[in-house]
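The values are calculated or read from the model by the stated rules, or taken from the named source; none is laboratory data. Just so it is clear, the model here is predicted, and its values are computed rather than measured. Neighbour counts run over all protein chains shown; Cβ positions are idealised from the backbone, glycine included.
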Amino acid sequence: MPAFLSILLFSLAFVQALCFPQSFNIREVYRFPNGTWLENIAVRLNGNLLVTDLMTVGLWEIVPPTESIHSSIRLVHHFDGADDVAGITEVSPDTFAVISSNSVWQIEFNSHDDPPKATLISKIPAGFLNGMATLDEGKAVMISDSQLGLVWHLDIQTGNYTVLHRHETMEANSDLGLLIGVNGLRTLHNYMYYSNSPKRIFCRVRIDTRTGRALGPYEIVSHDTLADDFAIDPRGIGYLASLTDNEITRVFPNGSHDVVAGSKDSRDLMAATSAAFGRTRSERHVLYVTTGGETENPVNNTASLGGKVMAVSIPF
C-alpha cells in the first residue's frame, strides 16, 4: 500500500474516532476458576483461542461460543516441573512457540484429534522471559526479558540465543512491586512494538525483519499508558491490556490514546493481561482479552476473580 494512502486511511480513522464516538460491545467468552491468572493469548487459524495460565502452568484451548453452541475448553499441554507459563506466538501455520520457566517450547497442532506435539526448543539463562514475537518467517523469535530489561533473539531451528536489544526504554524497576521492565512484544511490518509496564510507556523501533536488529531509533509512542501485553491492528493502532487500570487503551501512531473498554471501577477487565484479534472472517474485528482475575487494587472489594477471556468488538 502506498505511504500516502496509509497516512490518509489512518487520518480518516483518527478523525472518525474523535468526532464520532463508537460503541465497543464487550462480552464474556470463558471464565476460569477463582485465583486463575491468564497471562497471554494467541488465536489459531480456525479461530480457537490459546491461553497460557500461570496457576495451572498449562496451555489451554478455548472454542469461542456461537449462536448455536456454548464455549468449550481443553488442556493442550501441561509444562511438568515448571513454575510459570508466559508468552506465546505463532511461528508457522498452527505451530506455536510458548515460554515456560525461561524455556521455549514448540507446540505443533495437526489435522487430527491427536494431542499436539510439544518439543523443547531451548532453555535461556534469563531473568524472566515474558513477551514474544516471531521473526524471519518463523525461523526465529524475539523474547522480552522483563527482569533484565532486554530482548533476546532465539533461533528456533538451532536453539541458539543471543541478546538482541538493550535500551533505557526497556529497563526494569520495582514501581509495580515486582522487578519488571520491557513486557509485551509484537511486530508489525518492519517495527517491533513493546511496552514497559512500570514506566507506563508504549514504544517501537524499526527492525530488520529477518535478524531483528534495530535499523532506527527507539521511539516512545505514548506516555502514561500502563500496559502488560497488547495487540496491534493493521493500521498500527495499539490496543493495550492495562493490568490494574482494568482497561483496554487504544494508542494511535501519533501517541494520542483513549479507553475503549473497561474502567478503574469495572470488573469486566480486572487485571487485563493480553489481547489478540480474531482470525476468522467473522471475528477479525473482535479483540480477545485475557485477565489475571486477581489484583492488589480490588474493584468493589473483589480482589480475586477467575481469570477470564473477554471479547471486545472493535469497529475498524
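Scanning segment 219-236 for any residue that is in a loop (DSSP other than H, G, I, E, B), buried (at least 17 other Cβ atoms within 10 Å of the Cβ) and of a type in the set (Gly, Ala, Ser) turns up at least one such residue.
The sole residue among 103, 92, 111 that is of a type in the set (Ser, Thr, Tyr), exposed (fewer than 15 other Cβ atoms within 10 Å of the Cβ) and under 21 Å from the mean Cα position of the chain (by Cα) is 92. No other residue among 212, 159 is buried (at least 20 other Cβ atoms within 10 Å of the Cβ), out of contact with any Asp or Glu (no Cβ under 7 Å at 6 or more places or on another chain) and assigned to a loop (DSSP other than H, G, I, E, B) apart from 212. Considering (1) within 15 Å of residue 143 (Cβ to Cβ); (2) free of Cβ contacts under 8 Å to residues at least 40 places away in the same chain, the lone condition that residue 67 does not fulfil carries the number (1). Report, by residue number, each residue of segment 162-186 that is crowded, with 20+ Cβ neighbours inside 10 Å and either of a type in the set (Asp, Glu) or part of a loop (DSSP other than H, G, I, E, B) (or both). If the condition is that a residue be crowded, with 20+ Cβ neighbours inside 10 Å and either of a type in the set (Asp, Glu) or part of a loop (DSSP other than H, G, I, E, B) (or both), then 172, 181 are the ones that fit. Remark: pairs (first residue in segment 269-292, free of Cβ contacts under 8 Å to residues at least 24 places away in the same chain; second residue surrounded by fewer than 24 Cβ atoms within 10 Å (Cβ to Cβ) and outside any loop (DSSP other than H, G, I, E, B); Cβ separation under 8 Å; 6+ apart in sequence or on different chains) = 284/277.
Selection of segment 146-156 for residues being in a strand (DSSP E or B) and either out of contact with any Phe, Trp or Tyr (no Cβ under 6 Å at 6 or more places or on another chain) or surrounded by fewer than 16 Cβ atoms within 10 Å (Cβ to Cβ) (or both) yields 150, 151, 153, 155.
Selection of segment 114-124 for residues being in contact with a strand residue (DSSP E or B) (Cβ under 9 Å, 6 or more places away or on another chain) and either over 24 Å from residue 153 (Cβ atoms) or loosely packed, with under 13 Cβ neighbours inside 10 Å (or both) yields 115, 116, 117, 119, 120.
If only residues of segment 220-277 that are among the hydroxyl-bearing types (Ser, Thr, Tyr) and in contact with a Lys or Arg (Cβ under 7 Å, 6 or more places away or on another chain) are counted, the one that is nearest to residue 134 (Cα to Cα) is 239.
Taken over segment 70-85, the criterion of being touching a residue at least 40 places away in the same chain (Cβ under 8 Å) and hydrophobic (A, V, I, L, M, F, W, C) is satisfied by 73, 76, 85. Condition check for residue 73 on (1) within 22 Å of residue 110 (Cα to Cα); (2) surrounded by fewer than 13 Cβ atoms within 10 Å (Cβ to Cβ); (3) among the β-branched types (Val, Ile, Thr): one failure, at (2).
One residue alone among 188, 176, 164 is modelled with pLDDT under 95, among the hydrophobic types (A, V, I, L, M, F, W, C) and out of contact with any helix residue (DSSP H, G or I) (no Cβ under 9 Å at 6 or more places or on another chain), and that residue is 176. Restricting segment 187-209 to residues that are of a type in the set (Lys, Arg) and in a strand (DSSP E or B) leaves a set whose member that is nearest to residue 130 (Cα to Cα) is 204.
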